[in-house]
Amino acid sequence: MPTFTEGYLRYLMRREDVREFHLGETPEQILARLTAAQNRLNTQDYAIELSPPFCPHTSSKDLLFKPARFEDKLYIRHLNRRLCTVYKVRHANRHAIVRQVKNLLTADAHLKIVRTDVRRFFRNIAFDRLLERLRVDGLLSSVELEALARIAHFVQHYQTKGVPWGLSISSTLAEIYLRGFDLAIRSTRQVYYYQRFVDDIVVFTTGEPQDVIGILSQNLASLDLRLNSDKTVVISESLSVAGQFSYLGYAFKRQPEYNNKGRFKDKEVDVSVTISEAKIERLEQRISESFSCFYSDRNWHNLRDRIRVLTGNYSITKSAHEAPIKTGIYFNYMEITDTSQLTRLDAFLRSRLLALRSYLVRHGCPSPSPRVREMFRYSFQHGFSSRVLHRISPQRISQIASIWSE
């Protein structure tokens, strides 16, 4: 069992832990809880525990797992660091992948592309099979392997297969499980670009897309996984068919121009990148849910903050030693080349504000106009183009986002 020092546990700790585990209001109280966690982790009989899982949304079919205690959260983060270190796991960068795909689409040639994903990815990974591989590799200590085995045993009480969705080790375990699959696809002769972001896959090929689908399916079957046929899209371009597909929250479309001999006019083809329709619909849904909640509770402060978050950007600071993560309408979709959808979102938001103002006037609400007028200042176009950054705490984000269905 490794010795956990106070400094190392401070490194593993995150700001959200204070609220999640009620660590206290003062630095002294938080330090006392950290010391208590340190003592428990350094005992010979420490055993990791998880809380009973739950469904985060009524529409969700997957269970969400969480550590039972503060020390368990810290130990799982330690396990994740160990796995990333010994297996050299580097999680893919979404924006880098989108830029690569965008560049590939500018080629002056007819492209053949497969866009697909793995069906119920985390839920169908054979955890016991993965554990056996980790044991054979011999890169983890017996204590770390025992902790993973204990997690697997707990999970099996609730689901027959799969890694526990919701823990920091889940994505890392999945990356290790699919490492051989990734290598096999990249080594396929007719594949010149392959990328997987968690369960989302895109392949550019010189061969027939259906052959690639067969290769993907065959290699996944060896891992007891399979493709999601409902989300598998094949693009085979020709003089009459241009390539378009959605990937990682973006919609890609290219429309080559040909000369009278049927050849490409330009060496590089113009590519349009927009926000995917599914993401636009989700933003519209969140706008609607925000107004529906206001009609119930009449809380102007919550409505304003929800609109600010949706139309702007904000930073999430996880710990003192990590750089803040910027997220929001610009930082989530910075690769788009066409902002017309933002105009659509602004029009949708304005229609809800106008309906709200009419409703308040009809119901005799005193002086609704100044508050509604204030919210007319918020705009998706402005939030994107000016990279508007709001200061808002993670606790407040969690509070106002709790009403959104997904």
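Quick one: would you say residue 76 is at pLDDT 95 or above, of a type outside the set (Ser, Thr, Tyr), over 22 Å from residue 166 (Cβ atoms) and surrounded by 13 or more Cβ atoms within 10 Å (Cβ to Cβ)? In short, no. When residues in region 268-313 are screened for being farther than 24 Å from residue 95 by Cβ and either under 17 Å from the mean Cα position of the chain (by Cα) or in a loop (DSSP other than H, G, I, E, B) (or both), 2 of them pass. One residue stands out among those in region 9-20 that are open to solvent by less than 60 Å² (accessible area, probe 1.4 Å) and assigned to a helix (DSSP H, G or I): the one that is nearest to residue 157 (Cα to Cα), which is 17. Just the residues that are open to solvent by 90 Å² or more (accessible area, probe 1.4 Å) and of a type in the set (Ser, Thr, Tyr), please, taken from region 21-58. Residue satisfying the conditions is 58 alone. Consider region 148-187 and keep the residues that are under 23 Å from residue 205 (Cα atoms) and touching a strand residue (DSSP E or B) at 6+ places or on another chain (Cβ under 8 Å). The one that is most open to solvent (accessible area, probe 1.4 Å) is 186. Being in contact (Cβ under 8 Å) with a residue 60 or more places away in the chain, open to solvent by 30 Å² or more (accessible area, probe 1.4 Å), in contact with a His (Cβ under 9 Å, 6 or more places away or on another chain) and not small (Gly, Ala, Ser) is not true of residue 241. Condition first: among the hydroxyl-bearing types (Ser, Thr, Tyr) and closer than 23 Å to residue 252 by Cβ. Can you find one or more residues in region 347-363 that meet it? No. Scanning region 196-236 for residues that are open to solvent by 30 Å² or more (accessible area, probe 1.4 Å), closer than 18 Å to residue 252 by Cβ and polar (S, T, N, Q) turns up 232, 236. Yes or no: region 128-149 includes at least one residue that is under 26 Å from the mean Cα position of the chain (by Cα), on the phi > 0 side of the Ramachandran plot and part of a loop (DSSP other than H, G, I, E, B). The answer is no, given that none of the residues of region 128-149 is under 26 Å from the mean Cα position of the chain (by Cα), on the phi > 0 side of the Ramachandran plot and part of a loop (DSSP other than H, G, I, E, B). Just one of the listed residues (90, 115) is open to solvent by 20 Å² or more (accessible area, probe 1.4 Å) and either in contact (Cβ under 8 Å) with a residue 12 or more places away in the chain or not in a loop (DSSP other than H, G, I, E, B) (or both), namely 115.
For the condition in contact (Cβ under 8 Å) with a residue 24 or more places away in the chain and either in contact with a Lys or Arg (Cβ under 7 Å, 6 or more places away or on another chain) or more than 15 Å from residue 110 (Cβ to Cβ) (or both), residue 234 does not qualify.
Within region 63-74, the set of residues being more than 23 Å from the chain's Cα centre (by Cα) and part of a helix (DSSP H, G or I) comprises 70, 71, 72.
Kindly indicate whether residue 327 is without any contact (Cβ under 8 Å) to a residue 40 or more places away in the chain, closer than 25 Å to residue 95 by Cβ and among the polar types (S, T, N, Q). Write out each step before concluding.
Details: without any contact (Cβ under 8 Å) to a residue 40 or more places away in the chain: yes; closer than 25 Å to residue 95 by Cβ: yes; among the polar types (S, T, N, Q): yes.
For residue 327, the condition - without any contact (Cβ under 8 Å) to a residue 40 or more places away in the chain, closer than 25 Å to residue 95 by Cβ and among the polar types (S, T, N, Q) - is met.
The values are calculated or read from the model by the stated rules, or taken from the named source; none is laboratory data. Just so you know, these numbers come straight off a predicted model, no measurement behind them. Note that each Cβ is placed from the backbone with ideal geometry, even for glycine, and that neighbours are counted across all protein chains shown. Heads up: the accessible areas ignore ligands, DNA and RNA and are worked out on the full protein's heavy atoms, side chains in. Shrake-Rupley method; radii C 1.70, N 1.55, O 1.52, S 1.80 Å.
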